[in-house]
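A short worksheet on the structure shown next.
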């Protein structure tokens, strides 16, 4: 069994933070029915999943680039949500 490093420990906190933030946005969506909050919740859950995969997978640094596509997808979801929200108000 390998030891847990400080990096692994802090990555767990970051992952948990992303998931909790997604839960807050989900709560705001349930209260307001504004789809922007739902999209933000999905994006933060994607960020949390990406961080968790990076931490637990044990993939060497050189081969991690494909995992960062999850982060790209999360940021594209945020961009889509903001553009959609601004288009709807025009």
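Every number here is computed from the coordinates shown, using simple stated rules; none is lab data. All figures in this text were calculated on a predicted structure; none of them were measured in a lab. Note that each Cβ is placed from the backbone with ideal geometry, even for glycine, and that neighbours are counted across all protein chains shown.
When residue 8 is tested against (1) without any contact (Cβ under 8 Å) to a residue 40 or more places away in the chain; (2) in a helix (DSSP H, G or I); (3) more than 13 Å from the chain's Cα centre (by Cα); (4) over 20 Å from residue 80 (Cα atoms), only condition (1) is not met.
Can you find even one residue in region 44-55 that is over 27 Å from residue 81 (Cα atoms) and either surrounded by fewer than 18 Cβ atoms within 10 Å (Cβ to Cβ) or touching a helix residue (DSSP H, G or I) at 6+ places or on another chain (Cβ under 9 Å) (or both)? The answer is yes, given that some residue of region 44-55 is over 27 Å from residue 81 (Cα atoms) and either surrounded by fewer than 18 Cβ atoms within 10 Å (Cβ to Cβ) or touching a helix residue (DSSP H, G or I) at 6+ places or on another chain (Cβ under 9 Å) (or both).
Per-residue answers, yes or no, for (1) outside any helix (DSSP H, G or I); (2) at negative phi; (3) in contact (Cβ under 8 Å) with a residue 24 or more places away in the chain:
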{"site": "39", "(1), (2), (3)": "no, yes, yes"}
{"site": "45", "(1), (2), (3)": "no, yes, yes"}
{"site": "53", "(1), (2), (3)": "no, yes, no"}
{"site": "56", "(1), (2), (3)": "no, yes, no"}
{"site": "62", "(1), (2), (3)": "no, yes, no"}
{"site": "65", "(1), (2), (3)": "yes, yes, no"}
{"site": "71", "(1), (2), (3)": "no, yes, yes"}
{"site": "76", "(1), (2), (3)": "no, yes, no"}
{"site": "79", "(1), (2), (3)": "no, yes, no"}
